[in-house]
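So the structure is just underneath, and the comments pick up after that.
The values are calculated or read from the model by the stated rules, or taken from the named source; none is laboratory data. Note that the coordinates shown come from a computational prediction; the quantities given were computed from them, not determined experimentally. Methodologically, a virtual Cβ is constructed for each residue, glycine included, from the backbone with ideal geometry; neighbour enumeration extends over all protein chains shown. Accessible surface areas use protein heavy atoms only, side chains included; no ligands, DNA or RNA. Shrake-Rupley method; radii C 1.70, N 1.55, O 1.52, S 1.80 Å.
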Amino acid sequence: MKKCKRIIFLASFLMLTMLMPVCATDNADVSININGLDNSSNSLKILFLLTLVAIVPSLLIMMSGFTRIVIVLSFVRNALGLQQTPPNQVLVGLALFLTLFIMSPVLTQINKEAYTPYSAGEITQEQAIDKAMVPIRSFMLKNTNKQDLNLFISLSKMEKPKTHDDIPTELVIPAFITSELKRAFIMGFLIFIPFLVIDMVVSSVLMSMGMVMLPPVMISLPFKLILFVLVDGWGLIVKSLITSFN
């Protein structure tokens, strides 16, 4: 229970770190005058917070390993020839907990270097945001292909950065997402191969027996399921996903 509470606090802190740079500015002070009443910029900050609350969780998911995991799990279900088994809720739940397991070192570092000092009043809000983004950027850069990163750098028409620290976060995030999509599709292709072989063998056997009207999928599905169970398919998929992250 304590770990769950800590995870919730860390997730909330990460949401605040994403929201604060957008909602707070140091060089601008906005005020609204309605019927002679002056409302400070705090009202606008609250408005921005309420507007972006629905967006920030999606951004945090895209900045983690969730994208690769949920796509690969979907490929597994499609390769088996199953439509709604396991259901989407199960796949998403498994992807979330696998993401939490993979991102636990990052969350631990954020808790140690950013959240705990900030909650104790030892560092300022801006310092906490900077320290919280360091492990997230490090994770994304380690799992981003250089080609994708160079692509977005060239599209932004910025000077070639000397180090990774010089690369803006708004370039790292789309490059990371693109790399995750590529890896997920490569893993999905490799997953499809053995099941495709089973479908081809079953189809050839049925044609040689003259049973052309019998759908090959109906016969190959039990064989694919038993093969997947015998080789501990879910264990291999989970292990491959976890070890595929740097």
Testing Val217 on (1) at pLDDT 85 or above; (2) open to solvent by 40 Å² or more (accessible area, probe 1.4 Å), one condition comes back false. Which one is that? (1)
Please go through region 39-58 and pick out each residue that is at pLDDT 70 or above and in contact with a helix residue (DSSP H, G or I) (Cβ under 6 Å, 6 or more places away or on another chain). none
Only one of these conditions is not met by Met103: (1) modelled with pLDDT of 85 or more; (2) farther than 30 Å from Leu196 by Cβ; (3) open to solvent by 30 Å² or more (accessible area, probe 1.4 Å). Which number is it? (3)
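For region 226-234, state whether one or more residues are open to solvent by less than 50 Å² (accessible area, probe 1.4 Å) and either closer than 30 Å to Gly65 by Cβ or under 38 Å from the mean Cα position of the chain (by Cα) (or both). Reasoning before the result, please.
Of region 226-234, the ones open to solvent by less than 50 Å² (accessible area, probe 1.4 Å) are 228, 233.
Next, from what is left, pick out any that are either closer than 30 Å to Gly65 by Cβ or under 38 Å from the mean Cα position of the chain (by Cα) (or both): 228, 233.
Yes - at least one qualifying residue is present in region 226-234.
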Cross-chain or 6+ apart pairs with Cβ under 6 Å, region 181-203 first and closer than 24 Å to Pro215 by Cβ, then open to solvent by 80 Å² or more (accessible area, probe 1.4 Å) and in a helix (DSSP H, G or I): Ile198/Phe223
Given (1) in contact with a helix residue (DSSP H, G or I) (Cβ under 6 Å, 6 or more places away or on another chain); (2) open to solvent by 30 Å² or more (accessible area, probe 1.4 Å), Glu180 misses just (2)
Can you tell me which residue is nearest to Ser244 (Cα to Cα) among those in region 186-209 that are among the small types (Gly, Ala, Ser) and open to solvent by 60 Å² or more (accessible area, probe 1.4 Å)? Ser204
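Go through Val106, Val92 for me and flag whichever is closer than 28 Å to Ala132 by Cβ and touching a Pro at 6+ places or on another chain (Cβ under 8 Å). Spell out the reasoning first.
Details: Val92 fails: touching a Pro at 6+ places or on another chain (Cβ under 8 Å).
From the options Val106, Val92, the qualifying one is Val106.
Please pick out the residue among Leu151, Leu155, Leu91 that is open to solvent by less than 70 Å² (accessible area, probe 1.4 Å) and not hydroxyl-bearing (Ser, Thr, Tyr).
Selected residue: Leu91, the only one of Leu151, Leu155, Leu91 that is open to solvent by less than 70 Å² (accessible area, probe 1.4 Å) and not hydroxyl-bearing (Ser, Thr, Tyr).
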Kindly indicate the residue of region 55-84 that is more than 8 Å from the chain's Cα centre (by Cα) and over 23 Å from Phe189 (Cα atoms) and also least open to solvent (accessible area, probe 1.4 Å) among those meeting that condition. Val56
When only residues in region 106-142 that are among the charged types (D, E, K, R) and over 28 Å from Ile153 (Cβ atoms) count, which is least open to solvent (accessible area, probe 1.4 Å)? Glu122
